[in-house]
Number of protein chains: 2
Amino acid sequence: MSEPRIPDASRRSERSRRAIFDAALGLVSEVGYAKTTVEGIASRAGVGKQTIYRWWPSKAAVLLDAYLDLAARAAEEAGAAPGQAGLPDSGDLAADLRVVLRATVDELNDPRYDAPTRALAAEGCTDPELGARFTAALLTPQLELFARRIEAAQAAGQADPDADARLATELLVGPLHHRWMHRTGPLTHAYADALVDLALRGLTPRP
Amino acid sequence: MSEPRIPDASRRSERSRRAIFDAALGLVSEVGYAKTTVEGIASRAGVGKQTIYRWWPSKAAVLLDAYLDLAARAAEEAGAAPGQAGLPDSGDLAADLRVVLRATVDELNDPRYDAPTRALAAEGCTDPELGARFTAALLTPQLELFARRIEAAQAAGQADPDADARLATELLVGPLHHRWMHRTGPLTHAYADALVDLALRGLTPRP
């Protein structure tokens with residue numbers, strides 16, 4: 001079979017889109033959200049400002065799409081099938097959670113993602129509107145994937161049916177995020193494993 | 001007994017110190033860390049810039065002290081004795097943790113603390129040096145108080161002796177911080193209680 005024929009205009013569009021995303025993430029990492037401008041992104045990407053405004057209404061919209069694209073590529077590199085609908089389900093909740101939290105650790109330790117993630121987390125922390133957009137587009141869907149995997153484990157008798165799946169999700173994601181955010185300790189695979197273990201068994205001694 | 005006699009100079013110093021802290025926290029809440037300057041703080045506090053530099057070497061140092069003072073006053077309002085050395089220990093770990101996490105919820109919901117806490121968390125997220133100073137001065141001592149209370153519970157047979165007390169601390173503090181930071185759900189006393197409950201019993205069904 002021959003390659004699908006992509007018209008030149010589409011190729012150019014895709015190249016521009018990629019250049020705009022790279023410029024947006026590079027700038028926000030280097031100078032922060034506040035000092036990143038549509039003009040600056042256009043100039044670094046080698047496109048006109050109007051090209052950006054034709055596709056996105058605002059700086060926040062460009063950065064949101066750039067970050068979603070980055071997250072999708074990171075997920076693909078980590079072995080997730082494109083468009084994958086859920087967390088792995090091997091039937092072993094602990095094993096699956098370890099795989100997912102180890103991948104999160106790798107992502108947070110990757111310098112390509114660290115700077116833009118920090119810049120956008122910082123901006124979302126003080127700007128409720130931007131924070132809400134990122135949370136709705138990126139974080140809430142991720143939390144939902146965890147909650148669905150935990151619900152599947154509840155249905156399979158592997159997790160306490162009385163536990164709130166969303167709260168259980170926060171028990172796994174919250175400590176990792178706290179350690180990353182405040183740099184209170186090393187983010188390693190061993191940490192991810194220990195976190196899964198403690199969240200599953202809890203702090204109360206078992207008889 | 002008569003009131004202790006405080007020399008006028010000390011009173012003036014204390015008034016200036018308080019005015020500088022209020023100005024620093026007000027400014028960082030309104031315009032963010034980056035745009036807060038020692039000049040701006042001095043001008044709003046009604047003192048000379050040299051007064052600030054006599055006591056603090058930098059903007060970061062003023063803000064760190066202002067924030068530590070704010071946290072100390074918040075702890076006092078929440079009923080902690082001044083200079084209290086640890087978390088409450090009534091002999092009931094769950095009850096004590098609920099008291100502490102409910103007080104944390106109240107603090108995070110208080111608009112007086114919300115804005116400066118967000119401004120400084122955001123700055124610490126992207127500025128590793130400032131973040132490390134705040135973590136060392138404020139966060140690490142708090143995490144240590146939790147860890148010591150959990151170790152006491154382990155010694156009393158109320159908590160699994162194999163659990164890492166510092167990791168268990170993150171299991172309690174991390175989800176609360178994550179929900180606050182990303183505004184993914186309401187921060188209520190009921191949430192604090194449910195979090196303590198799930199962290200203690202874990203997600204695995206008990207036989």
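The values are calculated or read from the model by the stated rules, or taken from the named source; none is laboratory data. All of these numbers come straight from a predicted model, not from anything done at the bench. Quick reminder, even Gly has a Cβ in these numbers, built from the backbone with ideal geometry, and neighbours come from all protein chains shown.
Residues that are modelled with pLDDT under 90, surrounded by 16 or more Cβ atoms within 10 Å (Cβ to Cβ) and either part of a helix (DSSP H, G or I) or touching a strand residue (DSSP E or B) at 6+ places or on another chain (Cβ under 7 Å) (or both) within the range B:29-60 comprise B:S29, B:K59, B:A60, listed in sequence order. Considering the range A:159-184, the residues that are among the small types (G, A, S) and within 21 Å of the chain's Cα centre (by Cα) include one that is farthest from A:A95 (Cα to Cα), namely A:G174.
For B:A24, state whether it is among the aliphatic types (A, V, I, L, M) and not in a loop (DSSP other than H, G, I, E, B). In short, yes. Note on the range B:99-119: residues that are of a type in the set (S, T, N, Q) and facing another protein chain (nearest Cβ under 10 Å) amount to 1. The criterion of being surrounded by fewer than 17 Cβ atoms within 10 Å (Cβ to Cβ), over 24 Å from B:D22 (Cα atoms) and within 12 Å of chain A (Cβ to nearest Cβ) holds for B:E144. A Cβ distance below 6 Å, combined with a sequence gap of six or more or placement on separate chains, defines the contacts here; from the range A:186-203, residues that are facing chain B (nearest Cβ under 9 Å) reach residues that are among the polar types (S, T, N, Q) in the pairs A:L200/B:T204; A:R201/B:T204. Taking only the range A:125-135 into account, find how many residues are surrounded by fewer than 21 Cβ atoms within 10 Å (Cβ to Cβ) and either more than 10 Å from chain B (Cβ to nearest Cβ) or within 11 Å of the chain's Cα centre (by Cα) (or both). Result for the range A:125-135: 4. Restricting B:A159, B:A122, B:A168 to residues that are assigned to a helix (DSSP H, G or I), among the hydrophobic types (A, V, I, L, M, F, W, C), over 30 Å from B:L25 (Cβ atoms) and within 8 Å of chain A (Cβ to nearest Cβ) narrows the list to B:A168. What do you reckon, is B:A66 surrounded by 14 or more Cβ atoms within 10 Å (Cβ to Cβ), touching a residue at least 24 places away in the same chain (Cβ under 8 Å) and more than 16 Å from the chain's Cα centre (by Cα)? No; evaluated as a whole, the condition is false for this residue. The set of residues from the range B:141-170 being at pLDDT below 95 and polar (S, T, N, Q) comprises B:Q142, B:Q158.
Is it the case that some residue within the range B:105-114 is closer than 17 Å to A:A199 by Cα, hydrophobic (A, V, I, L, M, F, W, C) and either buried (at least 21 other Cβ atoms within 10 Å of the Cβ) or in contact (Cβ under 8 Å) with a residue 24 or more places away in the chain (or both)? No.
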